[in-house]
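K.L.:
Input: one structure, supplied below.
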Amino acid sequence: MNQSPTAGEQGQAPETPGQGGGGGGAEPVARHRSDRSDTRQRILDVALELFTEQGYDGTSLRQIAEKLGVTKAALYYHFESKEDILL
């Protein structure tokens, strides 16, 4: 009648909200941050390309957004202004 211990009885700490269990631990948060920084870098790359081709004053946030296939609101999520993209 010797039963095998369950995972929780094998010295593993019980799961707390936000850990393991496939329900949003550190990995999804890290991935979300990575996606955010990838998007930010894409914005910078496209903006630099357009600034080089058309000049800073000749490039609008709308043009940057259109080239990226996002809304202007998405640009404002990452940067407060066009000047912030340049900095």
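For (1) under 14 Å from the mean Cα position of the chain (by Cα); (2) hydrophobic (A, V, I, L, M, F, W, C); (3) in a helix (DSSP H, G or I); (4) at pLDDT 95 or above, each residue gets a yes or a no:
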| residue | (1), (2), (3), (4) |
| --- | --- |
| THR39 | yes, no, yes, no |
| ILE43 | yes, yes, yes, yes |
| LYS67 | no, no, yes, yes |
| ALA74 | yes, yes, yes, no |
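K.L.:
Out of (1) exposed (fewer than 10 other Cβ atoms within 10 Å of the Cβ); (2) at pLDDT below 75, the odd one out for GLY18 is which?
P.N.:
GLY18 satisfies every listed condition except (1).
K.L.:
Further question on the same structure: Looking only at segment 46-85, how many residues end up being on the phi < 0 side of the Ramachandran plot and loosely packed, with under 11 Cβ neighbours inside 10 Å?
P.N.:
Going residue by residue through segment 46-85, those that are on the phi < 0 side of the Ramachandran plot are 46-54, 56-68, 70-85.
Then drop every residue that is not loosely packed, with under 11 Cβ neighbours inside 10 Å, which leaves 52-53, 57-58, 73, 80, 83.
The number of residues fulfilling the criteria is 7.
K.L.:
If we scan segment 47-62, do we find a residue that is in a helix (DSSP H, G or I), of a type in the set (A, V, I, L, M, F, W, C) and modelled with pLDDT under 95?
P.N.:
no
The values are calculated or read from the model by the stated rules, or taken from the named source; none is laboratory data. In this text, all values refer to a predicted model and were calculated from it rather than measured experimentally. Every residue, glycine among them, receives a Cβ derived from its backbone with ideal geometry; neighbour counts consider all protein chains shown.
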